[in-house]
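The structure appears below as structure tokens.
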Amino acid sequence: MAFEVGDKVIYPNHGLGVVETIEERTLLGTTGGFYTLRMASNDTTVLVPVDNIEGVGLRLAVGGDEIARLYALLASGRIDSHLNWKSRFKDNSDKMRSGSIYSAIDVLKNLTYLSRTKSLSFREKRMQDRSKHLVISEIAEVSQEASEAVEERVGRALERCFAAKARAVARKKNAKASARPGSRRTSRAARAS
């Protein structure tokens with residue numbers, strides 16, 4: 001995939017940048033093409049070798065037509081639950097390295113949900129903050145809304161997610177209780193047959 005000057009791109013774990021130039025440069029004795037990115041979060045520039053965009057996961061920012069889908073994904077009650085810290089951290093780290101906003105949304109949902117029941121480790125708290133920043137900054141830039149407004153909408157979507165998750169857990173618990181031998185519902189069903 002090739003980018004053009006002016007394209008909004010996502011550099012995994014760094015966030016949104018705009019392609020300012022595409023030029024030939026010689027670095028450490030090697031000549032090659034480079035994208036010069038102006039990073040939106042801190043107004044710094046980053047050089048990315050044209051030949052290595054797939055290796056670093058550089059991608060175009062989502063289109064404006066995907067914003068509603070992102071909010072729907074944020075609000076869906078699907079949340080991954082890993083019991084042990086090591087596998088949870090590895091899975092979330094892999095998702096963050098992918099550069100996908102959909103993966104960042106998964107990490108944000110998983111860690112925010114977990115943080116409601118227990119304290120996150122320092123590294124997980126940092127990852128939660130990073131995923132939140134990446135999601136909000138990309139949506140804000142693409143939708144051309146203020147970050148504060150996007151953060152508020154993201155928060156409301158997460159609340160809907162957690163409410164849906166709580167309802168699903170309650171339904172599952174009730175289904176298990178009614179299926180146990182000796183429960184009122186099981187006894188009534190047996191008498192009716």
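Among the conditions (1) under 23 Å from Lys165 (Cβ atoms); (2) surrounded by 12 or more Cβ atoms within 10 Å (Cβ to Cβ), Leu83 misses just one, which is (2). A search for C-beta distances below 6 Å between a residue of segment 97-116 that is in the same structural domain as Leu83 (by TED's automatic domain parsing) and any residue that is part of a helix (DSSP H, G or I) and of a type in the set (Gly, Ala, Ser), counting only pairs 6+ apart in sequence or on different chains, returns Ala104/Ser131; Val107/Ser131; Leu108/Ser131. Residues in segment 42-65 that are in a helix (DSSP H, G or I) and surrounded by 15 or more Cβ atoms within 10 Å (Cβ to Cβ): Val50, Ile53, Val56. The numbered conditions (1) of a type in the set (Gly, Ala, Ser); (2) outside the structural domain of Lys95 (by TED's automatic domain parsing); (3) surrounded by fewer than 18 Cβ atoms within 10 Å (Cβ to Cβ) are all true for Gly17 except (3). Considering segment 67-87 alone, what residues qualify as being closer than 17 Å to Tyr102 by Cα and not in a loop (DSSP other than H, G, I, E, B)? Within segment 67-87, Ile67, Ala68, Arg69, Leu70, Tyr71, Ala72, Leu73, Leu74, Ala75 qualify.
Just to be sure, is Gly33 surrounded by fewer than 17 Cβ atoms within 10 Å (Cβ to Cβ), touching a helix residue (DSSP H, G or I) at 6+ places or on another chain (Cβ under 8 Å), at pLDDT 90 or above and not acidic (Asp, Glu)? Walk me through it before giving the result.
Numbers: surrounded by fewer than 17 Cβ atoms within 10 Å (Cβ to Cβ): yes; touching a helix residue (DSSP H, G or I) at 6+ places or on another chain (Cβ under 8 Å): yes; at pLDDT 90 or above: yes; not acidic (Asp, Glu): yes.
Yes, satisfied.
Against the test of being touching an Asp or Glu at 6+ places or on another chain (Cβ under 8 Å) and not assigned by TED's automatic domain parsing to the domain that holds Ile22, the options Phe122, Phe89 yield a single qualifying residue, Phe89.
Every test in (1) outside the structural domain of Val154 (by TED's automatic domain parsing); (2) touching a residue at least 60 places away in the same chain (Cβ under 8 Å) is passed by Ala75 save one, and that test is (1).
The values are calculated or read from the model by the stated rules, or taken from the named source; none is laboratory data. Quick caveat: nothing in here was measured; it's all calculated off a predicted structure. Heads up, the Cβs are rebuilt from the backbone with ideal geometry, glycines too, and the neighbour counts pull from every protein chain shown.
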